[in-house]
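Asker: One structure, as structure tokens, below. Some questions next.
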Amino acid sequence: MALRCSWFSLTLFCGCLVVGFCDQAGFLSISCGGTGSFVDSYNIQWVSDDEYISSGNTTRFEYPDGTSSSSVPLRFFPESQGRNCFRLPVKNLSALVLVRAQFVYKNYDGLEKPPAFTVSLATAVTAMVNLSIKDPWTEEFIWPVSKDTLPFCLLAIPHAGSPVISSLEVRPLPQGAYQTGLEDLPNKSLRKSYRINSGYTNGSLQYPVDPFDRIWDPDQGYIPFRVSSQFDILLSFNLSSLWEIPPVAVLQTARVVARKDVLTYNLPLDTLGDYYIILYFAGILPVSPSFDVLINGDVKESEYTITTSEASALYLAEKGITNLNITIKSTKFYPQINALEVYKIVDIPPEASSTTVSALQVIEQFTGLDLRWQDDPCSPIPWDHIKCEGNQVASLDLSDFNLRLISPTFGDLLDLKILDLHNTSLSGEIQNLGSLQHLEKLNLSFNQLSSFGSDLEELVSLQVLDLQNNKLQGIVPDSLGELENLHLLNLENNKLQGTLPQSLNRESLDVRTSGNLCLSFSTMSCNNVSSYPSIEAPQVTILTNRKHSRHRLAVILGAAGGALVAVFVASLVVFLYVRKRRSEVTYTMRAAIDMRNWNTARVFSYKEIKAATNSFKEVIGRGSFGSVYLGKLSDGKLVAVKVRFDKSQLGADSFINEVYLLSQIRHQNLVCLEGFCHESKQHILVYEYLPGGSLSDHLYGPNSQKFSLSWGRRLKIAVDAAKGLDYLHNGSQPRIIHRDVKCSNILLDGQMNAKVCDFGLSKQVPQADATHITTVVKGTAGYLDPEYYSTQQLTEKSDIYSFGVVLLELICGREPLSHSGTPDSFNLVLWAKPYLQAGAFEIVDDSLKGTFEVESMRKAAQIAIRSVERDASRRPNIAEVLAELKEAYGIQLSYLASLGHSG
């Protein structure tokens, strides 16, 4: 462990007084490879890393310590591939944490080959460690907290040795620190380059002098090394303007040049990049010096003045530099500096969409294998079997896995461009791929597929379709010819026959058909398949032998008859196809006309939409449908404008379905449709604007970091949403099944009243006595009713299951699918159900503990458990759910009233 200061003085007292505490609240100190807990000489508790990582090996090495040596543990990752991640709990710490890691080699393996590797935090590759240059090696980062768990990963470099680590520390930092001057640079973290206690040369200062356990290095070894006047004066300061709260002990020392006008630090930087610089000044002398501050020769601040007994700081951001020269040039009295910090600014790549992550996690479970798919699929390095473009999953290769079928969750991978499912034991119909509008290459070869299905025609971007070596039967559908970008279609070695669509017969398209029964563009030829004689115009030789004349006549008549039959069949196929296309066009046109006659508030032109959204300037949401923009109508009313990017027939049907349903229903707990635009193939919906965002935002999104929803507020939101569903199931005629109930489809207004939204997948129950609707499975991974998934029979109880998952999210404060923690906790339903059945409320969201009435929680937990029963017949109906939630809410309100609270 690094040397820690061991002296106490008035400076420590002042430091603790300013911060308000001097304990270790929120400290996490991990001994990597250690086997137990211990307390070091500075009273800091250290723990083993067993709870935080499941990969790697451990060992110990002898580390010289003065005249003796000590045995120090470490963890290493031999033959490492992919990510080796510690999972650091940071929930409820602060908005900003310091993460410090120490890497030690010391020839523990006897090979004399120090490794090199990279280090990442969450999605960001933050540093490269090279232990052949320095051993031990310490890295320190300042990280903005956005989730409950922070992955800290070691990433191997090919042929560069096994990553190794000795210790890992997490420390909460003051609220609002290290942000001044970085307001225009969002989504950044900081990597420490320097933290210098100017004018102090007697070793490093750390905890407990700095209650946040930052290491302040002594002012020595920096060029030019001129320990001119050093001042160490015990004063207290007004630190109200310094969010970083530097220790008073650090501010009470300074480097002061008394006989010269210039004070300089030359600080080499290890890489080209953008850097964040903080210069600290404190009035420890009875004069007020003024000076100019220059960075690399450029004046950044003129006539900067230090006031007696006041502490201040100068925050600077420098872009694209490889060396840092800090010059303080006196204009009055003498130049002075008390401390400085320098950080490299590290970009934090955006995460993949939660829809994509959830879908991939379900697919992993479906394979029955541990693919080590944890955290973000794209960053810091892509998961195995996946390739990314930025934060979008663009390629998925699951070839040779035993999948058996294409599950509906594949349809949620909306950014896919390449999908390889060859040799995955697929059978039956090709399905659940119609929403992949960006898919360019699809490989379904070497399976047992027997039917084309209807999804392929929706893949408008498809360029390569490989269906070779399946069991496809019948004729090739005409719709494949409508895929204008297709340039390779491989149908080899199937059981297809008949005439290929003429729309496939184009120069830009390579169609491969060998190994089928009879497959040709010509109605009069076969591909040399002997079992099916040619129906080309007969080539008959009339012999003079009269004995066989009758037989020859029969052959001629039979051939002619066969040709006529072939022509008739081809004509019939063309007729049916044209009629089908006309009916589709007629249906679409009729739907567009009918939409204008529905009870919709308003029909917008595309020009009006563009003006309202300021040319689609501000995105406020994104989902599987497209994007949502903030808009302002001509009367000043704010609206949410949902632009669907799915221009396929499937997308058009979903759009028409949502307009129709929302035109027929009105309820205070259902989002109101203001109007729509169906002009120039645009599918645009205009809703009322709800400024509170979605429930998911408040549970585990950006808003969850600002404030936590109380238990009473969560119950009120659940009651509101249940009222909306109750109207759909019981108050609407005909009944409506939502089919996509989830936290992100529950929106909140300014007073936190909840409304259910997104009816694109909803289904009406046309007959009053109907028990179910048989339909293709649609929905969201983690919320999908398992009985509906297996039977394709949709009922109101499918909504109940999804809503039960929402209730579990409200109770536990976590997403339905997550790789945080142990594998047993990946699925929220499977993890939470046994705890709540036993009345074990330790899994309740930490932010709620101590704030709820136990009976209120018990009632909500019981109805949630009943709602997620695998057997749909054992689930309650929505009226029962609503009644139980109202009772739980009433109990909580009474409890709060008894405490003198309002909610």
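Just so it is clear, none of the values below were taken in a lab; they were calculated from the coordinates. Since the model is a prediction, treat every value here as computed from it, not as a measurement. Counting neighbours? That spans all protein chains shown, and the Cβs are built from the backbone with ideal geometry, glycine included.
Asker: To the nearest 20 debye, what is the magnitude of the charge dipole of segment 10-173 about its Cα centre, counting +1 on the Cβ of each Lys and Arg and -1 on the Cβ of each Asp and Glu?
Answerer: 340
Asker: Please compute the alpha carbon radius of gyration of segment 10-173, then divide it by the globular-protein estimate 2.2 N^0.38 Å. Two decimals is fine. Walk me through the intermediate numbers first.
Answerer: Values: Rg = 16.6 Å, N = 164, 2.2 N^0.38 = 15.3 Å.
That works out to 1.09 for segment 10-173.
Asker: Order of 203-209, 427-433 by packing, highest average Cβ count within 10 Å first?
Answerer: Values: 203-209: 20.6, 427-433: 18.6.
My ranking of the peptides, most packed first, is 203-209, 427-433.
Asker: Further question on the same structure: Past 22 Å, Cα to Cα, is the threshold; run Lys188/Lys329; Lys617/Lys742; Lys147/Lys642; Lys755/Lys797; Lys113/Lys192 against it and keep the listed order.
Answerer: Checking Cα-Cα distances, Lys188/Lys329; Lys617/Lys742; Lys147/Lys642; Lys113/Lys192 exceed 22 Å.
Asker: Remind me, relative contact order of segment 355-520 in percent, using alpha carbon pairs under 8 angstrom and six or more residues apart?
Answerer: Working: 394 pairs, mean separation 22.6, N = 166.
This gives 14 percent for segment 355-520.
Asker: Something else now. Convert each backbone phi in segment 153-165 into a coupling constant with the Karplus relation 6.51 cos²θ - 1.76 cosθ + 1.60 (shift: θ = phi - 60°), then list the ³J(HN,Hα) values in order as whole Hz, x for Gly and Pro.
Answerer: Here the 3J(HN,Hα) series is 10, 9, 10, 5, 9, x, 6, 10, x, 8, x, 8, 8 Hz.
Asker: Ok, one more. Enter the Cα centre distance for the pair segment 275-294 and segment 868-903, rounded to the nearest angstrom.
Answerer: Each part reduced to its Cα centre gives a spacing of 59 Å.
Asker: I've got another one for you. Convert each backbone phi in segment 288-298 into a coupling constant with the Karplus relation 6.51 cos²θ - 1.76 cosθ + 1.60 (shift: θ = phi - 60°), then list the ³J(HN,Hα) values in order as whole Hz, x for Gly and Pro.
Answerer: Listing the rounded values in order: 10, x, 10, 6, 9, 10, 10, 10, 6, x, 9 Hz.
Asker: Can you give me the long-range amide H partners of Trp46? Hydrogens built in the peptide plane at 1.01 Å from N, cutoff under 5 Å, separation of 5 or more residues or another chain.
Answerer: Residues meeting the amide H criterion: Phe38, Val39, Asp40.
Asker: Just order 182-189, 772-779 by mean Cβ neighbour count inside 10 Å, highest at the front, would you?
Answerer: The densest-packed peptide leads the list: 772-779, 182-189.
Asker: Multiplying the sequence separation of Glu112 and Arg622 by 0.36 nm and subtracting their Cα-Cα distance, what value in nm do you get?
Answerer: Extra length from Glu112 to Arg622 when fully extended: 178.4 nm.
Asker: Phe521's amide H: which non-local residues (gap 5+, or another chain) put their own amide H closer than 5 Å, with H modeled 1.01 Å from N in plane and none for Pro or chain starts?
Answerer: Here Leu500 satisfy the definition.
Asker: On to the next question. Report the label-to-label distance for Thr322 and Thr201 in nanometres (one decimal), using points 7 Å from each Cα along the Cα→Cβ vector.
Answerer: Inter-label distance under the simple model: 3.2 nm.
Asker: What does the highest-first list of 781-794, 494-507 look like by mean Cβ count within 10 Å?
Answerer: Values: 781-794: 19.6, 494-507: 16.2.
The densest-packed peptide leads the list: 781-794, 494-507.
Asker: Describe numerically, in nm with one decimal, the distance between label points set 7 Å from Cα along Cα→Cβ at Thr138 and at Asn266.
Answerer: Between Thr138 and Asn266, the label points sit 2.6 nm apart.
Asker: Let me ask something additional. Distance between Cα centroids, segment 723-756 to segment 156-193: provide it in whole Å.
Answerer: Their Cα centres are 42 Å away from one another.
Asker: Taking the dipole about the Cα centre of segment 192-347, with the C-beta of Lys and Arg at +1 and of Asp and Glu at -1, give me whichever of Thr201, Ala339, Gly273 is farthest to the positive side.
Answerer: Checked the options; the winner is Thr201.
Asker: Amide H neighbours of Ser454 under 5 Å, at least 5 residues apart or on other chains, H built in the peptide plane: list them.
Answerer: Correct list: empty.
Asker: Using θ = phi - 60° and the Karplus curve 6.51 cos²θ - 1.76 cosθ + 1.60, what whole-Hz ³J(HN,Hα) does each residue of segment 735-749 get, with Gly and Pro shown as x?
Answerer: 5, 10, 9, 5, 6, 8, 6, 6, 4, 6, 9, 10, 9, 10, 8
Asker: Which percent of Cα-Cα pairs in segment 355-520 sits in each 5 Å bin, short to long?
Answerer: Answer for segment 355-520: a P(r) of 2, 9, 18, 22, 19, 13, 9, 5, 2, 1, 0 percent.
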